[in-house]
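These notes are about the structure you will find just below.
The values are calculated or read from the model by the stated rules, or taken from the named source; none is laboratory data. Predicted model only: the values in this text are computed from it and were never measured. Every residue, glycine among them, receives a Cβ derived from its backbone with ideal geometry; neighbour counts consider all protein chains shown.
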Amino acid sequence: MSGTTTTFKQVTAVNDDVLTGKALAQTEEIWYTSKDGTKVPMFILQRLISASCRSLAAMIGCSITGGYVVRDPSLGDLYGRYVYADFCVGEIRSLLLPAGAGGIVGGDRPEGLNVTNPVSFGEDSCGRLYAIAQAGTVYRFQGATPAACGTLLMDTGVTTMYLTVPEDQAAPDIRTWDGRSPTLRAGTQVTISVPTEEKAAAFYTFKLGGEGNPLAPAHLVLVGRARAPFVNTSVRFLNGFDYFYDADGGFVGLRWTGRAAPTIGKVVPPN
């Protein structure tokens with residue numbers, strides 16, 4: 001409009017808007033005139049203030065390192081939770097994923113573990129979880145009683161379980177002799193987990209000598225520790241699971257029958 005003086009002012013305070021006044025760099029605002037004469041504000045970052053950047057990254061994080069849903073039952077209440085971390089903060093956290101698409105995650109919490117600059121997570125064929133640092137160090141998540149990784153035979157003809165585990169899985173104070181064979185002391189908790197390529201798992205648990213658990217074997221025999229970890233489940237495995245076998249494709253599947261309490265066993269994800 002004729003006779004009107006137009007002035008320009010800074011319309012965007014980059015650091016104030018985004019980082020509450022914490023300067024990551026020295027900025028200079030300039031005005032660029034486009035071909036049609038429009039004035040456009042632009043900003044030049046003159047010098048990165050690395051100390052401020054590092055301190056801010058330590059407070060708010062910089063890059064999420066995604067992980068896995070935990071399938072190792074030896075990790076206690078971390079089982080079934082999704083673990084992740086931040087590259088700059090290094091804190092390991094976990095949350096509960098929604099049951100279906102469009103749901104909301106919940107239960108986000110710290111796990112009291114830290115890895116310097118975590119770049120990835122990993123999982124082996126036994127469902128054990130790992131965290132990898134940028135420096136190349138690999139850490140394994142380990143519960144109070146680490147899981148032994150071996151093979152399983154689902155026996156359909158005997159009620160006795162035959163079990164081979166390493167020394168740290170069955171220390172001398174829980175081993176005993178029942179007059180017939182080496183075994184574990186009454187009250188010992190045993191958990192069997194069956195991971196799959198799709199990261200799902202079937203697992204069940206029982207206490208030796210306990211009552212009311214239809215999956216518990218009638219008797220447990222410890223087999224020589226020199227062998228690789230192995231379990232012959234006994235036929236009572238079938239009190240909790242249906243077994244499916246595809247002879248053409250060579251695929252095996254397990255389904256929780258629901259005939260026992262969900263605290264005893266289950267399939268993840270659910271059937």
Response to the item:
Over the range 162-174, the set of residues at pLDDT 85 or above and over 28 Å from V69 (Cβ atoms) is Y162, T164, P172, D173, I174
Item to complete: Could you grab me the full set of residues in the range 175-209 that are modelled with pLDDT under 90, hydrophobic (A, V, I, L, M, F, W, C) and not in a strand (DSSP E or B)?
Response: A200
Worksheet entry | The one condition in (1) in contact with a strand residue (DSSP E or B) (Cβ under 7 Å, 6 or more places away or on another chain); (2) assigned to a loop (DSSP other than H, G, I, E, B); (3) among the aliphatic types (A, V, I, L, M) that A260 fails to fulfil | (1)
Fill in: Residue check for R71: under 22 Å from A144 (Cα atoms) and at pLDDT 85 or above
no
Practice prompt. Kindly check whether there is at least one residue in the range 84-91 that is among the small types (G, A, S) and over 14 Å from the mean Cα position of the chain (by Cα).
Written response: yes
Worksheet entry | Total residues in the range 134-148, condition of a type outside the set (S, T, N, Q) and either out of contact with any Leu (no Cβ under 9 Å at 6 or more places or on another chain) or exposed (fewer than 12 other Cβ atoms within 10 Å of the Cβ) (or both) | 6
Discussion item. Let me confirm something: among F244, F237, which residue is over 30 Å from A171 (Cα atoms), outside any loop (DSSP other than H, G, I, E, B) and at pLDDT 85 or above?
Written reply: F244
Practice prompt. Could you tell me whether the range 187-195 includes any residue that is surrounded by fewer than 15 Cβ atoms within 10 Å (Cβ to Cβ), in the same structural domain as V165 (by TED's automatic domain parsing) and of a type outside the set (S, T, Y)?
Written response: yes
Worksheet item: In the range 219-256, how many are within 30 Å of S181 (Cβ to Cβ) and touching a residue at least 12 places away in the same chain (Cβ under 8 Å)?
Response: 24
Item to complete: Select from the range 215-241 the residues that are over 15 Å from D155 (Cα atoms) and either within 29 Å of the chain's Cα centre (by Cα) or not small (G, A, S) (or both) and list them in ascending order.
Response: L222, V223, R225, R227, A228, P229
Practice prompt. Working carefully through the options S94, S120, S125, find the one that is among the hydroxyl-bearing types (S, T, Y), surrounded by 12 or more Cβ atoms within 10 Å (Cβ to Cβ) and in contact (Cβ under 8 Å) with a residue 40 or more places away in the chain.
Written response: S120
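Yes or no, residue by residue, for (1) of a type in the set (V, I, T); (2) out of contact with any Ser or Thr (no Cβ under 9 Å at 6 or more places or on another chain); (3) outside any strand (DSSP E or B):
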site	(1), (2), (3)
G122	no, yes, no
S125	no, yes, yes
I132	yes, no, no
A135	no, no, yes
Y139	no, yes, no
Q142	no, no, yes
T145	yes, no, yes
L152	no, no, no
